[in-house]
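Undergrad: Sharing a structure here in structure tokens format.
Rule-based calculations on the coordinates, nothing more; no lab input. Note that the coordinates shown come from a computational prediction; the quantities given were computed from them, not determined experimentally. Neighbour counts are summed over all protein chains in view; Cβ atoms, including those assigned to glycine, are modelled from backbone coordinates with ideal geometry.
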Amino acid sequence: MTDGARTATRRGFRPVEAATHCPYCALQCGMVLRATGDGVEVAARDFPTNRGGLCQKGWTAADLLDHPDRLTTPLLRDRPGGELRPATWDEALGRVAAGVQDVQHRHGPDAVAVFGGGGLTNEKAYALGRFARVTLRTRHIDYNGRWCMSSAAAAGNRAFGIDRGLPFPLADLGRADTLLLVGANPAETMPPLMRHVADLRERGGRLIVADPRATATARQADLHLQPMPGTDLAVANALLHIALTEGWLDRAYVAERTTGFDEVRRTVAGYWPAEVERLSGVPVADLYATARALATVDRAVVLTARGAEQHAKGVDTVTAFINLALALGLPGRPGSGYGCLTGQGNGQGGREHGQKADQLPGYRRIDDPAAREHVAGVWGVDPDTLPGPGVPAYQLLDALGTPSGARALLVFGSNPVVSAPRAARVESRLRALDLLVVADFVRSETAELADVVLPVAQWAEEDGTMTNLEGRVLRRRALREPPAGVRTELEILAALAGRLTGGTPLPTDPREVFAELGRASSGGPADYAGITWDRIDADTGVFWPCPDRDGPDTPRLFADRFPTPDGRARFHAVTHRPAAEPVCADYPLHFTTGRVLAQYQSGAQTRRVAALRRAAPGGFVELHPDLAARIGVTEGAPVRVVSRRGELRAPARLSTAIRPDTVFAPFHWPGAQRANSVTNDALDPVSGMPEFKICAVRVEPA
Ligand code: SF4
């Protein structure tokens, strides 16, 4: 079956199978869905990212389609503290429209905010941004991708002039001689990616992993650097220091293709390997081995992920690794480069088309007059009516219900009660709202707080596009109709726009929305103007930028120039600084968070899948046996992890895979096991990324 065969192109047509992609992470593994007599069957499909592989999450994704928890009717809460009750769509949409109008009448347009998600299709993310700016006229829109990729995005923009997670196809990993993964654990978060790493290993290439934990990925590495959390930046500067002193730089590349190296040279001169060993715990010999492995081979790739990025200095940490890659002449060279491993399913496309506070479609800036004029022209409005930039996600949520914040919030595709940092604080701000509306297909922890819950279609019931971690735009294809009583987000936005403005200005056909998105993105950094659904269907996706229908797409960036005004990449000197919350006598340990193989993000979906629940039934606290012995904790015993913001309680899991000065908990579970009750809401000053990956805690028997 070809990619384009037997897809649902209009409502009412029911294919027996659909070639689509997994609903979860940014690898967007290819899969085939088949309608069987009693449900939907998932089969793996050969696609360049997954090559026929799927992880447990993908195999079981269809279990949610007919799940007993599936919402098929809107829910309303009649009074604060009352129960949610079933309602008609007319009643629910009427309540939302009246609530929005009331709040905006009393407090102005910015008193209504919109919160999106990195799992929404490109069409939905685009429509959400347009709905916020044109229908609501609010500047307050942001999304949960702010908590995933924003630090790498900001660093990429300032160095390369563009933010595409991987500026080359994933298959390039298999052609590299050395791969350095920093704060990435794809063996657990996106296992099929390891097939590309296996290619590298079979060719004799080396895998080096930097991670405070001996993760499943680190255990496969030729060399595991185990830095103390929050010291990656210093490690990167030390690697560049070594490359400089050993004469391993690509001087011609630095001279011809970059600017700003002199200041970086002066800065890294102070990062003596012995001192960085004392700071990070990474032995000098390992620093030398890593620098040599990157600098003395033909092809090398450096990839960062959340472990390096989710810090109050995340942008500078990523910048330090980009500096290293540039100094070695890697970006733009075949089989080499720097990239970021995007996490959420549409984490890439979701950050390009307008659901970010400072952004218009096509990755344009909302404070750029030319961008405003172009996009306003596509939307048929006066550019002066478009609001200005809003604030990043955590600041938006933190201000809810206060005099300076929004009083009504519309949430699409996100569950911040579990996924936000300092989550108890965020939960209290959500409770302070005049109106909380959540569109979801299950009663997530955030939906449980809502005044109105709107049931939406699932991935197997909708057409659209996603943009994977490579910047490859691909097609989501429907197998079946949504159940009776369920609507798509596009239909909800159109209906609300109709009630709020008296017309129906938003299209509900995703193909039509995509065509409009293409026009709105035309000429922007993420230019989709030349991409059509037919063109995607005819091949294995289309890489942006693709400005012309008849022109090529762009699998590899930076071959000849960088998209900066002078065509050169820009070095930025960056320096190590301690975590926002240092350890102390009362909170003597580092706390860090992450993911497990069988759960995804806030877990609202995967915690409901029986097979995944069996594989990963609940939260845990990973700690070193030496630490456990010191505080009198045994395997499986309940422990409390306490920070200045709150605590989590979960069984202890003893492991020598973690440093004795650090404890780890996955963040997929709510309630007492909620890891984000503990995390720090210190923000990166550039990206607004919270410091999920390090704060100070104490651990004690519960
Ligand atoms: S969760 Fe990610 S790695 Fe697993 S099947 Fe889905 S897309 Fe692939």
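Undergrad: What residues qualify as long-range amide H neighbours of Val663, i.e. H under 5 Å apart, gap of 5 or more or another chain, H built at 1.01 Å from N?
TA: Under 5 Å from the amide H of Val663 lie the amide H atoms of His590, Phe591, Thr592, each far enough along the sequence or on another chain.
Undergrad: Further question on the same structure: Roughly how tilted is helix 369-379, in degrees to the nearest 10 and between 0 and 90, from the longest Cα axis of the chain?
TA: 40 degrees
Undergrad: Can I ask one more? So if R0 is 25 Å, what FRET efficiency would Thr385 and Arg106 give, r being the distance between their Cβ atoms, rounded to the nearest 0.05?
TA: That gives a FRET efficiency of 0.75.
Undergrad: Taking H as built 1.01 Å from N, whose amide H comes closer than 5 Å to the amide H of Asp539, not counting residues under 5 places away?
TA: Residues meeting the criterion, in which the H sits 1.01 Å from N, do not exist here.
Undergrad: Send over the Kirkwood Rh of the chain, from the inverse of the averaged 1/r over different Cα pairs, rounded to one decimal Å.
TA: For the chain, inverting the mean 1/r across all distinct Cα pairs yields 25.5 Å.
Undergrad: Let me ask you something else. Could you sort the peptides 100-107, 181-188 by per-residue average Cβ neighbour count (10 Å cutoff), highest mean leading?
TA: 181-188, 100-107
Undergrad: What angle do you read, to the nearest 10 degrees and between 0 and 90, between the alpha-carbon axis of helix 489-501 and the longest principal axis of the chain?
TA: Helix 489-501 and the main axis of the chain meet at about 60 degrees.
Undergrad: If you don't mind, another one. Can you return the lysines within cross-link range of Lys313? Criterion is Cα-Cα under 25 Å, with same-chain partners fewer than 8 residues away left out.
TA: Straight-line reach from Lys313, under 25 Å: Lys356, Lys693.
Undergrad: Report the charge-dipole magnitude of region 78-188 in Debye, nearest 20, computed about the Cα centre from +1 at each Lys and Arg Cβ and -1 at each Asp and Glu Cβ.
TA: 380 debye
Undergrad: Ok, one more. Cα axis of helix 314-327 to longest principal axis of the chain: angle in degrees, 0 to 90, nearest 10?
TA: Its long axis makes an angle of about 50 degrees.
Undergrad: Residue-wise, which Karplus ³J(HN,Hα) couplings in Hz belong to region 65-71, taking 6.51 cos²θ - 1.76 cosθ + 1.60, θ = phi - 60°, and x for glycine or proline?
TA: So the J values, rounded to whole Hz, are 5, 10, 5, x, 7, 4, 7.
Undergrad: Another one. Between Ala274 and Arg219, what's the calculated FRET efficiency when r is the beta-carbon distance and R0 is 22 Å? Round to 0.05.
TA: 0.20
Undergrad: Right, next: Is region 455-527 rounded, prolate or oblate when judged by the Cα gyration tensor, a ≥ b ≥ c being the square roots of its eigenvalues, rounded requiring a/c under 1.5 and prolate requiring a/b larger than b/c?
TA: Oblate, because a/c is 1.5 or more while a/b does not exceed b/c.
Undergrad: Tell me which residues come under 5 Å, amide H to amide H, from Thr465 once H is placed; ignore anything under 5 positions away on its chain.
TA: Answer set, sorted by chain and number: Asn122, Glu123, Arg476.
Undergrad: Subtract the Cα-Cα distance of Asp566 and Ser655 from 0.36 nm times their separation in residues, and report this length gain in nm to one decimal. Provide the component values of the computation, followed by the final result.
TA: Details: separation 89, 0.36 × 89 = 32.04 nm, distance 5.05 nm.
My answer for the length gained is 27.0 nm.
Undergrad: At 222 nm, what value in deg cm²/dmol follows for the chain if DSSP H runs of at least 4 each add -39500 (n - 2.57) and the sum is divided by all its residues, to the nearest 500?
TA: Rounded to the nearest 500, the figure is -8000 deg cm²/dmol.
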